[in-house]
Amino acid sequence: MNHTPATPLSQPLPSLFVSHGAPLFAVEPGDTGPALARYGQALRAQHPGLRGVVVMSPHWMARGMRVATGAQPATLHDFGGFPPALYALQYPAPGAPGLAQEVLDLLAAAGVAAQGDAQRPFDHGAWVPLMHLFPQADVPVVQVALPAGAGPTQVYALGAALRPLAQQGVLLVGTGSMTHNLAEFMGGGDAEGEPAPYVQAFSRWVEAALQRHDMPALLDYRSLAPHALRAHPTDEHFLPLFFALGAAPQDWQAHYISRKVMYRMLAMDAFALQPVV
């Protein structure tokens, strides 16, 4: 099979960070789902040559680096206790074995040992946000794992290794959550209530750091950001943000797609790191 990359674009695609929220985001999109749909529609109009998506989700953590290589990944309902309608949903986007090989080649060139996985399905961290971005499920998708034990610097390097794909019609996406305190979420939250103050403080600190391109602060967010340990008792849902940062164009600016908060404590921030024209 020919894995020759596409002709380079005059402008790279942006990279995205998308908060995928709770699984119910698939059927209760709030304001964020339509905002993602509008962004996806505009992106396709601007980039008709879009040939695929490479997505990192915290719901696929692996020992070492893994890349999904299957031609038609299944839709994984990796959650329990939700309404039956959620388990009936399918996201039948095709895989992209050729693009997956490009990913493997770029990782190898960066000194990252990675293995292909032809059986890996799309977990809900991947398919739930993608069903809002590209509801027709007609854009090929390659999922990459979040290596267990990796920190912000290592995840940033993975995104940077794949940055050349953005010049070749591939959208690089990190999906997680701007805030993710699972214990508070399981305790129940008023969907219509005012956001918890710590959620806003943490989220807006991140936004301000993005706006001033303060990578040292972002990489050290657990020490510097207000309420970082409450916002992320564990960091796996924040780490894909660094995948998006590493994959961003050399000169970028942050364009926010959503700043909504669900259940008072679940920040649904989504943004694109767009090339400065």
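Every read-out reported here was derived from the displayed coordinates using simple, explicitly stated rules and does not represent laboratory data. All values derive from a computational prediction rather than experimental measurement. Heads up, the Cβs are rebuilt from the backbone with ideal geometry, glycines too, and the neighbour counts pull from every protein chain shown.
Here is how the numbers come out for the structure above:
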quantity: Cβ-defined net charge surrounding residue 225, 12 Å radius [Lys, Arg +1; Asp, Glu -1]; calculated: -1
quantity: Charge tally in the Cβ shell below 10 Å around residue 147, where Lys, Arg are +1 and Asp, Glu are -1, residue 147 excluded; calculated: +2
quantity: Ranked by how many other beta carbons lie within 10 Å on average, peptides 247-257, 211-221 from highest; calculated: 247-257, 211-221
quantity: Estimated Rh, the range 75-223: Kirkwood, alpha-carbon pairs, angstrom; calculated: 18.2
quantity: Candidates 137, 85, 110: whichever shows maximal mean-square fluctuation once the chain is modelled as a Gaussian network with Cα springs under 10 Å; calculated: 85
quantity: Extension gain from residue 251 to residue 229, taking 0.36 nm per residue of separation minus the Cα-Cα distance; calculated: 4.9 nm
quantity: Contact order normalised by residue count of the range 160-275, Cα under 8 Å, 6+ apart, percent; calculated: 41
quantity: Neighbour-count order for 243, 82, 134, fewest beta carbons within 10 angstrom listed first; calculated: 82, 134, 243
quantity: Dipole magnitude of the range 160-277 about its Cα centre (Cβ charges: Lys, Arg +1; Asp, Glu -1), debye to nearest 20; calculated: 160
quantity: Amide H contacts of residue 141 (H built 1.01 Å from N, under 5 Å, at least 5 apart or other chain); calculated: 53, 95, 96
quantity: Per-pair calculated FRET efficiency, R0 = 25 Å: residue 110 and residue 222 via Cβ, rounded to 0.05; calculated: 0.50
quantity: Highest-first arrangement of 26-37, 171-182, 117-128, where packing means the average Cβ count within 10 Å; calculated: 171-182, 117-128, 26-37
quantity: Relative contact order computed over the chain (Cα-Cα under 8 Å; 6+ residues apart), in percent; calculated: 31
quantity: Cα centroid separation - the range 58-104 against the range 216-237, whole Å; calculated: 27
quantity: Descending semi-axes in Å of the chain, equivalent ellipsoid built from Cα gyration tensor; calculated: 27, 21, 18
